[in-house]
Amino acid sequence: MPDISLTTVVVLCLAALAAGWIDAVVGGGGLLLLPVLLLGLPPGTSAAHALGTNKAVAIVGTSGAAVTYARKAPVDVRLAVRIGLAALVGSSTGAFFAAGMSAEVLKPVIMVVLLAVAAFVILRPAFGTAPATGPASRRQILAAIGLAGLGIGFYDGLIGPGTGTFLVLALTAVLHLDLVTASATAKIVNCCTNAGALAMFAWQATVLWQLAALMAVFNLAGGTLGAHTALKKGSGFVRVVLLTVVFALVAKMAYEQWVA
């Protein structure tokens with residue numbers, strides 16, 4: 001356990017709870033959790049340790065949300081696993097290159113990512129509101145494996161935050177799923193990306209296991225609750241949460257970057 005105060009530990013656990021809920025509803029819990037880890041860990045702690053610890057926490061909450069969704073949502077588990085296996089390869093590769101990343105590089109990248117997500121969702125108000133019209137074609141499946149699997153998987157291992165959100169957007173766009181079904185599918189894929197990245201971070205010894213285990217309990221509770229909420233409220237609710245989370249985090253990180 002790193003030398004951090006009890007107050008900081010409590011804040012990190014509450015952030016893990018909130019991130020688990022957000023991640024289960026619309027993805028992107030890492031957009032909250034990683035910045036909090038970067039701020040909460042002692043000075044001098046490498047960004048790779050924040051990334052590795054984030055993965056160890058996230059995989060628990062994501063797995064809980066995936067199980068909840070798989071039981072109640074119309075998820076094509078076989079397709080999700082195929083995309084997930086490609087994502088595992090991508091995330092392992094991305095994590096291999098992440099050791100040299102610094103916190104100063106990560107923060108501006110996350111801000112750009114957030115703004116891109118917000119712009120896309122605002123410009124496409126009907127995005128993800130209609131259910132799928134039929135089974136995915138071979139071309140759609142291959143596109144999903146390439147984009148959502150290898151591409152976003154690589155991003156997840158390299159940087160991480162927003163992966164769930166990007167998976168939801170990619171699966172909705174490529175496979176023409178509604179947002180709830182895309183969120184459910186994304187959780188299964190995200191389990192694989194988290195596993196691949198975590199294995200690489202563990203091999204590089206950049207995971208703070210004691211802290212991660214404590215935060216993971218809260219993340220699991222948030223993830224399970226968030227999946228139940230999304231299933232109950234539907235795609236419209238998911239879209240509102242997505243935009244709310246994105247704008248709140250953009251404002252927070254912009255303040256830290258240019259004002260604080």
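The figures follow:
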{"read-out": "Solvent-accessible area per residue, Å², over segment 1-96 with all protein chains present [probe radius 1.4 Å]", "value": "38 Å²"}
{"read-out": "Choice from Leu39, Leu147, Leu14 showing the highest fluctuation, given a GNM over the chain with Cα pairs closer than 10 Å", "value": "Leu39"}
{"read-out": "Positive-end residue of Ala195, Gly146, Leu115, charge dipole of the chain with Cβ unit charges", "value": "Gly146"}
{"read-out": "Segment 166-216-segment 1-47 distance, computed between alpha-carbon centres (Å)", "value": "16 Å"}
{"read-out": "Selected from Thr68, Thr45, Thr53 as most flexible by GNM, with the chain as the system and alpha-carbon contacts under 10 Å", "value": "Thr45"}
{"read-out": "Farthest toward positive dipole pole in the chain [+1 Lys/Arg, -1 Asp/Glu at C-beta], among Ala98, His49, Val26", "value": "Val26"}
{"read-out": "Length gained when the stretch Ala202-Leu85 is fully extended (0.36 nm per residue, less Cα-Cα span)", "value": "40.2 nm"}
{"read-out": "Given [x] 20.5; [y] 17.7; [z] 19.2, the label whose value is Kirkwood radius over Cα pairs in Å derived from this model", "value": "[y]"}
{"read-out": "FRET efficiency, Ala251 to Leu6 (Cβ-Cβ, R0 41 Å, nearest 0.05)", "value": "0.90"}
{"read-out": "Contour minus Cα-Cα distance for Val112 and Ala70 (0.36 nm per residue)", "value": "11.9 nm"}
{"read-out": "Stretch gain in nm, segment Arg124-Val240, where the contour uses 0.36 nm per residue and the Cα spacing is subtracted", "value": "40.5 nm"}
{"read-out": "Most to least accessible of Tyr255, Tyr69, Tyr155 (protein chains only, probe 1.4 Å)", "value": "Tyr255, Tyr155, Tyr69"}
{"read-out": "Computed FRET value (nearest 0.05) for Leu14 with Trp209, which takes r as the C-beta separation and R₀ as 25 Å", "value": "0.80"}
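The values are calculated or read from the model by the stated rules, or taken from the named source; none is laboratory data. Treat the numbers as computed from the prediction; the structure is a model and nothing was measured. Backbone-built Cβ (ideal geometry, glycine too); neighbour counts: all protein chains shown. We work out accessible area using only protein heavy atoms, side chains counted, and drop any ligands, DNA or RNA first. Shrake-Rupley method; radii C 1.70, N 1.55, O 1.52, S 1.80 Å.
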